[in-house]
């Protein structure tokens with residue numbers, strides 16, 4: 001159980017059939033349909049957040065720094081965007097450590113499955129990128145992009161001193177005027193951009209396939225830190241070697257990762 005990390009009184013999702021959990025699932029679906037994002041402030045209680053931060057300190061010291069440009073917009077639109085951050089992967093998380101235990105908790109997998117209405121649903125099977133901590137120091141950013149699928153699950157561990165805002169334009173990927181929306185954004189004249197301001201300990205589910213989004217440049221310390229948890233409809237789904245190299249600087253895990261007993265949601 002993860003009661004030493006998660007506020008199960010506020011978010012009683014261990015029993016997904018309970019009236020309280022059913023109400024949370026219903027609210028999550030409503031918010032995703034309306035806004036493309038569902039936040040759960042205080043998902044990690046104070047002690048849980050402190051434990052996560054202690055582990056994140058070590059992981060970020062040992063993480064891989066990515067600094068490059070990428071083609072993040074549809075062909076013929078926009079321009080390359082900058083990626084600058086440090087990432088530490090699942091293979092760097094000791095068995096029993098706070099992020100390792102949370103990711104392997106079937107209760108969270110089932111809850112995410114119900115909110116996204118994807119059954120069966122599984123933890124991503126990748127030994128490196130399935131669960132990762134990312135850090136954005138001063139000057140770092142994650143430029144504008146669309147995700148490869150909807151339902152990104154993240155937990156804010158630490159806010160930046162200044163800058164580092166999560167900005168997004170919801171539900172635009174398939175709009176016929178997408179090119180002009182991107183032109184306005186690149187020119188700095190877009191009025192569509194929203195900012196998602198979440199406190200440390202907040203769990204967020206975000207429909208990033210349809211929403212253009214970014215982490216804005218961090219302007220001052222402390223660094224911004226996030227935990228990202230990946231789930232899939234295919235129990236054997238992982239990430240490509242390109243992703244491994246770009247974000248972690250390696251194609252193979254540092255140490256063998258034991259079976260995670262992947263369960264459906």
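The values are calculated or read from the model by the stated rules, or taken from the named source; none is laboratory data. None of these values were measured; they are calculated from a predicted model. Because the Cβ atoms are built from the backbone with ideal geometry, glycine has one as well, and the counts that use them run over all protein chains shown.
Of all the criteria given as (1) under 21 Å from residue 226 (Cα atoms); (2) in a helix (DSSP H, G or I); (3) under 20 Å from the mean Cα position of the chain (by Cα), the one not satisfied by residue 2 is (2). All conditions in (1) touching a strand residue (DSSP E or B) at 6+ places or on another chain (Cβ under 8 Å); (2) closer than 28 Å to residue 217 by Cβ; (3) modelled with pLDDT of 95 or more hold for residue 41, with the sole exception of (1). So in segment 12-26, with the set limited to residues that are in contact (Cβ under 8 Å) with a residue 40 or more places away in the chain and not in a helix (DSSP H, G or I), which one is surrounded by the most Cβ atoms within 10 Å (Cβ to Cβ)? Filtering first and then ranking leaves 13.
Between 136, 122, which is farther than 23 Å from residue 237 by Cβ and in contact (Cβ under 8 Å) with a residue 60 or more places away in the chain? Give the derivation first.
Values: 122 fails: farther than 23 Å from residue 237 by Cβ.
Exactly one of 136, 122 is farther than 23 Å from residue 237 by Cβ and in contact (Cβ under 8 Å) with a residue 60 or more places away in the chain, namely 136.
When segment 76-89 is limited to residues that are under 22 Å from residue 219 (Cα atoms) and out of contact with any helix residue (DSSP H, G or I) (no Cβ under 7 Å at 6 or more places or on another chain), the one that is surrounded by the fewest Cβ atoms within 10 Å (Cβ to Cβ) turns out to be 80.
Can you find even one residue in segment 179-197 that is under 15 Å from the mean Cα position of the chain (by Cα) and either under 22 Å from residue 88 (Cβ atoms) or in a strand (DSSP E or B) (or both)? Yes: one or more hits.
The set of residues from segment 144-178 being in a strand (DSSP E or B) and within 19 Å of residue 228 (Cβ to Cβ) comprises 144, 145, 152, 153, 154, 155, 156, 157, 158, 166, 167, 168.
In segment 147-164, the residue that is surrounded by the most Cβ atoms within 10 Å (Cβ to Cβ) out of those that are within 20 Å of residue 218 (Cα to Cα) and within 14 Å of the chain's Cα centre (by Cα) is 155.
Yes/no matrix, rows are residues, columns are (1) under 21 Å from residue 196 (Cβ atoms); (2) out of contact with any helix residue (DSSP H, G or I) (no Cβ under 8 Å at 6 or more places or on another chain); (3) modelled with pLDDT of 95 or more; (4) crowded, with 16+ Cβ neighbours inside 10 Å:
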| position | (1), (2), (3), (4) |
| --- | --- |
| 28 | yes, no, yes, yes |
| 49 | yes, yes, yes, yes |
| 58 | no, yes, yes, no |
| 65 | no, yes, yes, no |
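Per the conditions (1) closer than 19 Å to residue 109 by Cβ; (2) touching a residue at least 40 places away in the same chain (Cβ under 8 Å); (3) touching a helix residue (DSSP H, G or I) at 6+ places or on another chain (Cβ under 7 Å), the sole criterion not satisfied by residue 73 is (1).
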